[in-house]
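Engineer: Please find one structure pasted underneath; my questions will follow.
The values are calculated or read from the model by the stated rules, or taken from the named source; none is laboratory data. Worth saying up front: this structure is predicted, and the values here are computed from it rather than measured. Positions of Cβ are backbone-derived with ideal geometry, glycine not excepted, and every protein chain shown enters the neighbour counts. What goes into the accessible areas is simple: the full protein's heavy atoms, side chains included, and nothing from ligands, DNA or RNA. Shrake-Rupley method; radii C 1.70, N 1.55, O 1.52, S 1.80 Å.
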Amino acid sequence: MSDFSEELKGPVTDDEVETSVLTGAGMHFPWLQTYVETVAIGGKRKKDFAQTTSACLSFVQEALLKHQWQQAAEYMYSYFQTLEDSDSYKRQAAPEIIWKLGSEILFYHPKSNMETFSTFADRMKNIGVMNYLKISLQHALYLLHHGMLKDAKRNLSEAETWRHGENTSSRGILINLIQAYKGLLQYYTWSKKKMELSKLDKDDYAYNAVAQDVFNHSWKTSANISALIKIPGVWDPFVKSYVEMLEFYGDRDGAQEVLTNYAYDEKFPSNPNAHIYLYNFLKRQKAPRSKMISVLKILYQIVPSHKLMLEFHTLLRKSEKEEHHKLGLEVLFGVLDFAGCTKNITAWKYLAKYLKKTLMGNHLAWVQDEWNSRKNWWPSFHFSYFWAKSDWKEDTALACEKAFVAGLLLGKGCRYFRYILKQDHQILGKKIKRMKRSVKKYSIVNPRLSY
């Protein structure tokens, strides 16, 4: 593919017609002569058209899997003959397959460039008109990836006004998606204008002009995004941008309505981020604790290890309802069930403190409810002798918190607890002594039955 750009964009000569694919759009694709005439399959040479294209497709896919971009590009030249397949179904499906494989090759090939990619995209749009919108959108995303914002916006604007064939529901969604991405680009401009506005004094002569410019961009963005986010789907960046603008202009009710629908509408797929956005909005608005608890309760059911679960625990702990206090203990155990949270010192601090408080409050049954389902695997998962040595070496504060929890749950005979207790540490010495007294007083395990 060293001369790929030139070959793709080059004119077709009379001599090349017989060994190239010439589409109605005037695309010129040189063929690998050996594969045009015959393709080796299982050691035999076959001239059958279907077998030739099928073999080429297999070779392309294999080369892609192995990241052999040059080889994939060479095989792709031969695969273009499928555009002339006598089978109408294969002929109609070919443009989308060629676009997906070709764009993948051009994206990663070391000798490809934006001009080559754009030329390929523009010509593929005209070959497979049924894929025009999809290719236009993906082309725009490619341009965005390379920082070509103006070109991406122009590409989206052209696609937005494109008309061909019947209006179908899938086409309508694509149009909405194209408009929404155009809205995101306008949001980007709006954000820059907003930043510019924040640096100006209201008495500055340029303030009113910039403020009007900000408003104009927000109106365009809202118009382009609002239609998409009403369609069931996962639209996180669009929702965040739209809500930010609504909040900026003081429409808090509108922002809350958008976020509430996004989180609770049963037509939308389950999406943890929808509940995170709603919670963060309520937090900014200083909403009642009960509202924030109800939002995080759903997030807890979806992602019990999310970092917001520690905030959830704090809200539950401050609640006046006993059921919330019990749930607060469950949440902490739930967080520490996950391997990614085993070193979270804040979670261990919260659990150590809350376990003691719960036991002092005569709620032994709450602790036993949580511990019964974990007592067969938490000791080796968290409280082994190996982890005691490792934790003490890496983070003494973490080791102390874990040791206290281990002592309360497993008793003073727990190996983790015993190891930490024996360590000589000048600063933590008093804390370890207090921990020893508390474990002796509040441990849920009979000392004689300790691990």
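Engineer: Taking the condition under 30 Å from Arg374 (Cα atoms), in a loop (DSSP other than H, G, I, E, B), without any contact (Cβ under 8 Å) to a residue 40 or more places away in the chain and out of contact with any Leu (no Cβ under 8 Å at 6 or more places or on another chain), does Ser294 pass? Even if it seems obvious, please write down each step before you answer.
Structural biologist: On the way: under 30 Å from Arg374 (Cα atoms): yes; in a loop (DSSP other than H, G, I, E, B): no; without any contact (Cβ under 8 Å) to a residue 40 or more places away in the chain: yes; out of contact with any Leu (no Cβ under 8 Å at 6 or more places or on another chain): yes.
Taking the combined requirement at face value, the residue does not satisfy it.
Engineer: Among the residues of the range 350-366, is there at least one that is within 20 Å of Thr396 (Cα to Cα), open to solvent by 60 Å² or more (accessible area, probe 1.4 Å) and outside any loop (DSSP other than H, G, I, E, B)?
Structural biologist: Checked against the condition, which is being within 20 Å of Thr396 (Cα to Cα), open to solvent by 60 Å² or more (accessible area, probe 1.4 Å) and outside any loop (DSSP other than H, G, I, E, B), the range 350-366 yields at least one hit.
Engineer: Please work out if Tyr187 is open to solvent by 40 Å² or more (accessible area, probe 1.4 Å), at pLDDT 90 or above and out of contact with any Pro (no Cβ under 6 Å at 6 or more places or on another chain).
Structural biologist: On the way: open to solvent by 40 Å² or more (accessible area, probe 1.4 Å): yes; at pLDDT 90 or above: no; out of contact with any Pro (no Cβ under 6 Å at 6 or more places or on another chain): yes.
Here the answer is no, as Tyr187 does not meet what is asked.
Engineer: Looking at (1) more than 31 Å from the chain's Cα centre (by Cα); (2) buried (at least 16 other Cβ atoms within 10 Å of the Cβ), find the lone condition where Val331 falls short.
Structural biologist: (1)
Engineer: Determine which single condition Ser78 fails, assuming it passes every other condition in (1) more than 19 Å from Leu141 (Cβ to Cβ); (2) surrounded by 20 or more Cβ atoms within 10 Å (Cβ to Cβ); (3) under 29 Å from the mean Cα position of the chain (by Cα).
Structural biologist: (3)
Residues are listed down the side, and each one gets a yes or a no for (1) among the charged types (D, E, K, R); (2) touching a strand residue (DSSP E or B) at 6+ places or on another chain (Cβ under 9 Å); (3) under 19 Å from Asp122 (Cβ atoms):
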site: Gly147; (1), (2), (3): no, no, no
site: Asn155; (1), (2), (3): no, no, yes
site: Ala159; (1), (2), (3): no, no, yes
site: Arg171; (1), (2), (3): yes, no, no
site: Gln179; (1), (2), (3): no, no, no
site: Ser191; (1), (2), (3): no, no, no
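Engineer: If you scan the range 370-380, which residues turn out to be free of Cβ contacts under 8 Å to residues at least 24 places away in the same chain and either of a type in the set (Asp, Glu) or in a helix (DSSP H, G or I) (or both)?
Structural biologist: Asn372, Ser380
Engineer: Which one is surrounded by the most Cβ atoms within 10 Å (Cβ to Cβ), of the residues in the range 123-134 that are of a type in the set (D, E, K, R) and at pLDDT below 90? Can you show your working first?
Structural biologist: The first filter runs over the range 123-134 and keeps only residues of a type in the set (D, E, K, R), leaving 123, 125, 134.
From what is left, the residues that are at pLDDT below 90 are 123, 125.
On the way: Arg123: 19, Lys125: 23.
Applying the filter and picking the extreme gives Lys125.
Engineer: Just name the residue that is modelled with the highest pLDDT out of those in the range 233-257 that are open to solvent by 60 Å² or more (accessible area, probe 1.4 Å) and among the hydrophobic types (A, V, I, L, M, F, W, C).
Structural biologist: Val234
Engineer: Go over the candidates Leu106, Leu137 one by one and state the one that is under 26 Å from the mean Cα position of the chain (by Cα), open to solvent by less than 30 Å² (accessible area, probe 1.4 Å) and within 23 Å of Tyr75 (Cβ to Cβ). Show your work before the answer.
Structural biologist: Details: Leu137 fails: within 23 Å of Tyr75 (Cβ to Cβ).
Just a single option satisfies the conditions, and that option is Leu106.
Engineer: How do the pairs read when you match residues in the range 157-168 that are assigned to a loop (DSSP other than H, G, I, E, B) and of a type outside the set (Gly, Ala, Ser) with residues anywhere that are open to solvent by less than 50 Å² (accessible area, probe 1.4 Å) and at pLDDT 85 or above, using Cβ under 8 Å and keeping only pairs 6 or more apart or on different chains?
Structural biologist: Here the result reads Trp162/Tyr132; Trp162/Leu133; Trp162/Ser136; His164/Tyr132, each pair linking the range 157-168 to a residue that is open to solvent by less than 50 Å² (accessible area, probe 1.4 Å) and at pLDDT 85 or above.
Engineer: Can you report the number of residues in the range 78-109 which are part of a loop (DSSP other than H, G, I, E, B) and modelled with pLDDT under 90?
Structural biologist: Within the range 78-109, residues that are part of a loop (DSSP other than H, G, I, E, B) and modelled with pLDDT under 90 number 3.
Engineer: Determine, yes or no, whether Ser384 is free of Cβ contacts under 8 Å to residues at least 24 places away in the same chain, within 25 Å of Lys433 (Cα to Cα) and more than 31 Å from the chain's Cα centre (by Cα). Write out each step before concluding.
Structural biologist: On the way: free of Cβ contacts under 8 Å to residues at least 24 places away in the same chain: no; within 25 Å of Lys433 (Cα to Cα): yes; more than 31 Å from the chain's Cα centre (by Cα): yes.
So Ser384 fails the test.
Engineer: Working only within the range 270-288, note down all residues that are among the small types (Gly, Ala, Ser) and more than 22 Å from the chain's Cα centre (by Cα). Give the steps one after another, and end with the answer.
Structural biologist: Here is the first cut: in the range 270-288, the ones among the small types (Gly, Ala, Ser) are 270, 274, 287.
If the condition is that a residue be among the small types (Gly, Ala, Ser) and more than 22 Å from the chain's Cα centre (by Cα), then Ala287 is the only one that fits.
Engineer: Got a sec? Which of Thr346, Thr358, Thr396 is in contact with a His (Cβ under 7 Å, 6 or more places away or on another chain) and among the polar types (S, T, N, Q)?
Structural biologist: Details: Thr346 fails: in contact with a His (Cβ under 7 Å, 6 or more places away or on another chain); Thr358 fails: in contact with a His (Cβ under 7 Å, 6 or more places away or on another chain).
Just one listed residue meets the conditions, Thr396.
Engineer: Can you tell me how many residues in the range 297-328 are surrounded by fewer than 19 Cβ atoms within 10 Å (Cβ to Cβ), assigned to a helix (DSSP H, G or I) and within 25 Å of the chain's Cα centre (by Cα)?
Structural biologist: Qualifying residue count, the range 297-328: 6.
Engineer: Just name the residue that is nearest to Leu336 (Cα to Cα) out of those in the range 357-367 that are over 37 Å from the mean Cα position of the chain (by Cα) and touching a residue at least 12 places away in the same chain (Cβ under 8 Å).
Structural biologist: Start the filter on the range 357-367 by keeping residues that are over 37 Å from the mean Cα position of the chain (by Cα), which leaves 357-365.
Those still in the list that are touching a residue at least 12 places away in the same chain (Cβ under 8 Å) too: 358-360, 363-364.
On the way: Thr358: 18, Leu359: 19, Met360: 22, His363: 20, Leu364: 20 Å.
The extreme case among them is Thr358.
Here's the yes/no breakdown for (1) under 22 Å from the mean Cα position of the chain (by Cα); (2) in a helix (DSSP H, G or I); (3) at positive phi:
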| position | (1), (2), (3) |
| --- | --- |
| Asp253 | no, yes, no |
| Leu259 | yes, yes, no |
| Phe268 | yes, no, no |
| Ser290 | no, yes, no |
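Engineer: Could I ask something else about it? Being at pLDDT below 95, of a type in the set (A, V, I, L, M) and assigned to a helix (DSSP H, G or I): is that true of Ala397 here?
Structural biologist: yes
Engineer: Does the range 222-232 contain any residue that is outside any helix (DSSP H, G or I), surrounded by 15 or more Cβ atoms within 10 Å (Cβ to Cβ) and either in contact with a His (Cβ under 9 Å, 6 or more places away or on another chain) or modelled with pLDDT under 95 (or both)? Give the steps one after another, and end with the answer.
Structural biologist: In the first step, residues of the range 222-232 are kept if they are outside any helix (DSSP H, G or I); the result is 227, 231-232.
Still in the running and surrounded by 15 or more Cβ atoms within 10 Å (Cβ to Cβ): 227, 231.
Of the ones still in play, those that are also either in contact with a His (Cβ under 9 Å, 6 or more places away or on another chain) or modelled with pLDDT under 95 (or both) are 227, 231.
Yes; the residues of the range 222-232 include at least one that is outside any helix (DSSP H, G or I), surrounded by 15 or more Cβ atoms within 10 Å (Cβ to Cβ) and either in contact with a His (Cβ under 9 Å, 6 or more places away or on another chain) or modelled with pLDDT under 95 (or both).
Engineer: Okay, next question. Tell me, yes or no, whether the range 83-101 has at least one residue that is in contact with a Leu (Cβ under 7 Å, 6 or more places away or on another chain) and of a type in the set (Phe, Trp, Tyr).
Structural biologist: Scanning the range 83-101, I find no residue that is in contact with a Leu (Cβ under 7 Å, 6 or more places away or on another chain) and of a type in the set (Phe, Trp, Tyr), so the answer is no.
Engineer: Follow-up question, since we're still on this one. Among the residues of the range 109-119, how many are more than 14 Å from Leu143 (Cα to Cα) and exposed (fewer than 15 other Cβ atoms within 10 Å of the Cβ)?
Structural biologist: 2
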